[in-house]
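The values are calculated or read from the model by the stated rules, or taken from the named source; none is laboratory data. Keep in mind the model is a prediction, meaning the values are calculated, not measured. All Cβ positions, glycine included, derive from the backbone under ideal geometry; neighbour counts span all protein chains shown. Note: areas computed on protein heavy atoms with side chains; ligands, DNA, RNA excluded. Shrake-Rupley method; radii C 1.70, N 1.55, O 1.52, S 1.80 Å.
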Amino acid sequence: MYLSRNRADVLARVMGTLAEPLQEQQVRQQLGGLMLQLLGAQFFASYVWDEDGQRFGHGVHLEMDPANLARYERHYQFHDPITLVMRQHRRAVRATDVLPHPALRRTEFFNDFLARDGLHWGINLYAWDGEHNIGDMRIWRDRRHADFDDDDRALLDLLRPAFVAALRRSRQAGAAGVAGMPAAAGTDEREGLQGLSTRERQVAQLAAQGLPDKAIAQRLGIALTTVRTHLDHAFRKLDVPNRAALAHRLRG
């Protein structure tokens, strides 16, 4: 499997995100945009299987119509010819691996749900912790692109252990009442850092002090690409465009 420099950089950012002490939903949210970059896709969704209710819930998504996703959660997941079959796999699986695309295009699920948002080619990865399905990634391309190939599946399989570990860790932390391991709420609020993970907060504070990425990496003992991932997340969560705005936000 060949990785371009850009793809290798995105892969490093994905691994950095999976190593963060995040809440379970944050893991899936922050992965979304990175996975679209990594696989050259346009749409991302992620759900958690509710064994008692026999349904998918706690959804997060990117580039998909919330109203259409609500229809999925209310109706189409119960009239879905592929997802439960794909869920049986312990490795990355394409929609076309379980149902030929011409057959999928004849279904209500495709025409009244997938096609509404332009979803055409899909690949899923399910996180299995023993016998428990604790989350998934659903990544789709539009019809202007080709189906996912063996390299795409291999990349997802490469990420699977870290994805499972990140979700398991966040669940265990949540059960212990320390999910995400944030700083005290009062400190976050005074410094304008509410909503950041511990590592994002550390990186943001050092960046606001004027330290370059390399110095931050050395100070915290993390990779340079990981510093940039945390900083990107902090910019997005705090809605600031650059270091100067970040420093102003923290001083305020």
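Things to note:
- Max mean-square fluctuation residue, GNM over the chain, Cα-Cα springs under 10 Å, options ALA45, ALA92, ALA208: ALA208
- Helix 5-19 vs. the chain, principal-axis angle (Cα, 0 to 90°, nearest 10): 80
- Net length gained if the chain between SER4 and ARG105 were fully extended (0.36 nm per residue, minus Cα distance): 33.1 nm
- Cα-based helix-to-principal-axis angle, 150-175 vs the chain, degrees rounded to 10: 60
- DSSP-loop chymotrypsin sites (Phe, Trp or Tyr not before Pro) across region 1-55, with at most 13 other Cβ within 10 angstrom: TYR2
- Residues whose placed amide H lies under 5 Å from that of ASP136, excluding near-sequence neighbours: TYR47, ALA127
- Of the solvent-accessible surface of the chain, computed with a 1.4 Å probe and all protein chains present, 49% belongs to carbon and sulfur.
- Sites LYS214 and HIS75, calculated FRET efficiency, Cβ-Cβ separation with R0 45 Å, nearest 0.05: 0.30
- R0 of 25 Å, Cβ-Cβ distance ARG144-ALA12: FRET efficiency to nearest 0.05: 0.35
- Neighbour net charge for HIS89 - beta-carbon separation under 12 angstrom, K R +1, D E -1: +3
- Solvent exposure of the chain amounts to 48 Å² per residue of accessible area, where only protein heavy atoms count and the probe is 1.4 Å.
- Calculated FRET efficiency for the pair VAL85/ASP239, C-beta based, R₀ 35 Å, to 0.05: 0.30
- Vicinal HN-Hα couplings computed from phi for region 241-250 (Karplus, 6.51 cos²θ - 1.76 cosθ + 1.60; Hz; Gly/Pro x): x, 7, 4, 4, 5, 5, 4, 4, 4, 6
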